[in-house]
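The values are calculated or read from the model by the stated rules, or taken from the named source; none is laboratory data. A quick note: this is a predicted structure, and the numbers were derived from the prediction, not measured. With ideal geometry, Cβ positions are generated from the backbone for all residues, glycine too; neighbour counts draw on all protein chains shown. To get the accessible areas, we keep the full protein, side chains included, count just its heavy atoms, and leave off ligands, DNA and RNA. Shrake-Rupley method; radii C 1.70, N 1.55, O 1.52, S 1.80 Å.
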Amino acid sequence: MRLEGKKALITGAAQGIGKAIALGMAKEGADIGIADVNIESAEKTAQEIRESGRKSISIKLDVSKQGDVSSAFATFIKEFGVLDILVNNAGITKDNVLLRMKEEDWDAVLNINLKGSFLCSKEAVKIMTKQRSGKIISISSVVAFMGNPGQANYSASKAGLIGLTKTIAKEYASRGIRANAVAPGFIQTAMTDVLPDAVKDEMKRAIPLGQFGTPEDVTNAVIFLSSKEADYITGQVIHVNGGMYM
Ligand code: NAP
């Protein structure tokens, strides 16, 4: 058990990669706060974790709203007392080529993917500086490093997360806080299921390992960064992409 007794808050954990991270961390002994805009699905995930024998609560949270973020962290601390790990996982896409991208689609993606992680990280750092320990892991993307047609907003938000991560790592290392990112490639979830088959086939051809990743592949990297084994690692990015970017 690599996370025995640890208390973790995961955003966007009702489904997909966030849910896999939550279940994987619980299996390693952690108690989990499942924070998501979709409270019904969040509660189902929390219930699944409770049935596996760990503590878990669902928390309604829109990461782009300061009021929601403050009360979500307060609820978490009331329940668990400490915050050992924050995973900034909540994210959305609103794709279009630059000339057709609406300002509101730019704002929505930046507000949730980047500002949301800023607000949550700030709340976490407030708690973790007092504890003098804590780990913040943000889920970026391979497109932060490669760019991707149709994803100016998404690529910019995920690249922004890398700058945010490295800055938190430098500012709060002296307080025992580690900040790292995981950059997944193409992972099979609801977010990618909607892509046309032709796009998926083309992407598969661009992956040296010849297959898409699973939410569990991302989970493994997040658990490693959360564990004691990664205590000397901060400000880094782990790429989980089958060799798509190297
Ligand atoms: P997903 O299946 O769409 O799950 C995202 C979860 O976040 C959903 O439960 C969603 O709720 C929730 N969410 C959306 N907006 C939110 C908000 N404002 N506040 C709180 N929660 C919110 O996506 P995924 O594929 O698991 O992706 C998870 C993360 O990995 C994202 O940051 C994504 O960018 C990143 N990523 C994914 C891939 C991939 O290939 N799938 C690759 C690289 C990076 P609703 O469903 O109700 O909106």
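Among the candidates 130, 94, 44, the residue that is part of a helix (DSSP H, G or I), open to solvent by 50 Å² or more (accessible area, probe 1.4 Å) and touching a residue at least 24 places away in the same chain (Cβ under 8 Å) is uniquely 44. Regarding region 9-22, can at least one residue be identified that is of a type outside the set (Val, Ile, Thr), open to solvent by less than 10 Å² (accessible area, probe 1.4 Å) and assigned to a strand (DSSP E or B)? Yes, that holds for at least one residue.
Filtering region 1-13 to residues that are within 14 Å of the chain's Cα centre (by Cα) and more than 20 Å from residue 74 (Cβ to Cβ) leaves nothing.
If the Cβ limit is 7 Å and pairs must be 6+ apart or interchain, which residue in region 52-74 that is in contact (Cβ under 8 Å) with a residue 12 or more places away in the chain pairs with which residue that is open to solvent by 30 Å² or more (accessible area, probe 1.4 Å) and among the basic types (Lys, Arg)? Pairs that qualify, where the first residue is in contact (Cβ under 8 Å) with a residue 12 or more places away in the chain and the partner is open to solvent by 30 Å² or more (accessible area, probe 1.4 Å) and among the basic types (Lys, Arg), are 56/50; 64/115. Considering region 136-246, the qualifying helices (runs of 4 or more DSSP H), each wholly inside and each with 2 or more residues that are within 16 Å of the ligand (Cβ to nearest atom) and closer than 23 Å to residue 122 by Cβ, run over 152-172, 215-226. For region 97-112, check the following and say yes or no: at least one residue is free of Cβ contacts under 8 Å to residues at least 60 places away in the same chain, of a type in the set (S, T, N, Q), more than 9 Å from the ligand (Cβ to nearest atom) and not in a loop (DSSP other than H, G, I, E, B). The answer is no; no qualifying residue exists. Tell me whether region 84-91 contains one or more residues that are surrounded by fewer than 23 Cβ atoms within 10 Å (Cβ to Cβ) and more than 9 Å from the ligand (Cβ to nearest atom). Yes, some residue in region 84-91 is surrounded by fewer than 23 Cβ atoms within 10 Å (Cβ to Cβ) and more than 9 Å from the ligand (Cβ to nearest atom). Only a single item in (1) open to solvent by 20 Å² or more (accessible area, probe 1.4 Å); (2) touching a strand residue (DSSP E or B) at 6+ places or on another chain (Cβ under 6 Å); (3) of a type in the set (A, V, I, L, M) is not met by residue 190, and it is number (2).
Cβ-Cβ distances below 6 Å connect the following pairs, each with a first residue in region 229-243 that is farther than 22 Å from residue 214 by Cβ, a second residue that is part of a helix (DSSP H, G or I), and a separation of six or more residues or different chains: 234/169; 234/173; 235/166; 235/169. Select from region 139-167 the residues that are under 21 Å from residue 3 (Cβ atoms) and out of contact with any Lys or Arg (no Cβ under 9 Å at 6 or more places or on another chain) and list them in ascending order. Residue satisfying the conditions is 165 alone.
Taken over region 22-41, residues that are of a type outside the set (Asp, Glu) and near the ligand (Cβ under 9 Å from one of its atoms) amount to 4.
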